[in-house]
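The values are calculated or read from the model by the stated rules, or taken from the named source; none is laboratory data. Small disclaimer: the values here were computed from a predicted structure and weren't measured. Don't worry about glycine lacking a Cβ; one is built from the backbone with ideal geometry, like all the others, and counts go over all protein chains shown. When the accessible area is computed, the model is the full protein with side chains, heavy atoms only, and any ligands, DNA or RNA have been set aside. Shrake-Rupley method; radii C 1.70, N 1.55, O 1.52, S 1.80 Å.
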Amino acid sequence: MTTDNGAPGRDETPEERADRLWTDMLQEVRVCQTGAQILFGFLIGVAFTPRFAALPAFDKNLYTATVVLGALATGALVAPVAFHRLLAGHDMKPELIHVAGHLIATGLLTLALTIAAALLLLLRTATGSPAAAWIISAAVLAWFTTTWLVLPQVVLRRTAARQAAAYDAGSTGGGGPRDDSH
């Protein structure tokens, strides 16, 4: 689709674009908010179990760091809603989208770290093998890095290269861009 001025993209006003992007962001963050809040709730309860007192100092410190990361993740993922509430009606949606994007990225990073740290704590306790716990937790964090950061960048680069090739073919009389979506 092209816009009224012939540029590729959607035919929408800046306000419509901001509304669409904001709705998209809210849909995306809902899943993360719920997961972060549930994980944080479970983490809070761990300190009140009888076995917690018997944990070694390293595990208690790891638990503390995990709870703090969980609180930071929850806060960052809920912050766009609070930010929106305070700015609603001030015609600042593009700024809100920019800041909310950074908050969501921060929330995702701290959520990944929370999950990896919680997994490390769980596996150290459950398996009794600190080395295995570290290896498995590192592998899970690598998986998050791959699926949440690397893979989207690969797809973005491939799409940009494909679009550039289609544009070049179209501008040199090669028949124009193809629609490979079928």
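Overview of values
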quantity	calculated
Leu21 being buried (at least 17 other Cβ atoms within 10 Å of the Cβ) and farther than 25 Å from Ser137 by Cβ	yes
Count of the stretch 12-29 residues which are within 11 Å of Lys93 (Cα to Cα) and of a type in the set (Asp, Glu)	3
Where Gly35 falls short, out of the listed (1) closer than 18 Å to Leu141 by Cβ; (2) open to solvent by 30 Å² or more (accessible area, probe 1.4 Å); (3) at pLDDT 90 or above	(3)
Residue count, the stretch 128-155 (criterion: out of contact with any helix residue (DSSP H, G or I) (no Cβ under 6 Å at 6 or more places or on another chain), assigned to a helix (DSSP H, G or I) and free of Cβ contacts under 8 Å to residues at least 12 places away in the same chain)	15
Failed condition for Ala82, given (1) among the hydrophobic types (A, V, I, L, M, F, W, C); (2) more than 13 Å from the chain's Cα centre (by Cα); (3) at pLDDT 90 or above	(3)
Out of Ala139, Ala71, sole residue that is more than 20 Å from Val29 (Cβ to Cβ), of a type outside the set (D, E, K, R) and under 20 Å from the mean Cα position of the chain (by Cα)	Ala139
Output for the stretch 59-74, where each listed residue is out of contact with any Leu (no Cβ under 8 Å at 6 or more places or on another chain), touching a residue at least 12 places away in the same chain (Cβ under 8 Å) and open to solvent by 30 Å² or more (accessible area, probe 1.4 Å)	Ala65, Ala71, Leu72
Set Pro94, Pro80: member being surrounded by fewer than 18 Cβ atoms within 10 Å (Cβ to Cβ), in contact (Cβ under 8 Å) with a residue 24 or more places away in the chain, within 29 Å of Thr13 (Cα to Cα) and out of contact with any Ser or Thr (no Cβ under 6 Å at 6 or more places or on another chain)	Pro94
Criterion violated by Arg158 - all others in (1) among the charged types (D, E, K, R); (2) open to solvent by 60 Å² or more (accessible area, probe 1.4 Å); (3) touching a helix residue (DSSP H, G or I) at 6+ places or on another chain (Cβ under 7 Å) satisfied	(3)
Check on Thr114, open to solvent by 50 Å² or more (accessible area, probe 1.4 Å) and more than 24 Å from Asp19 (Cα to Cα)	no
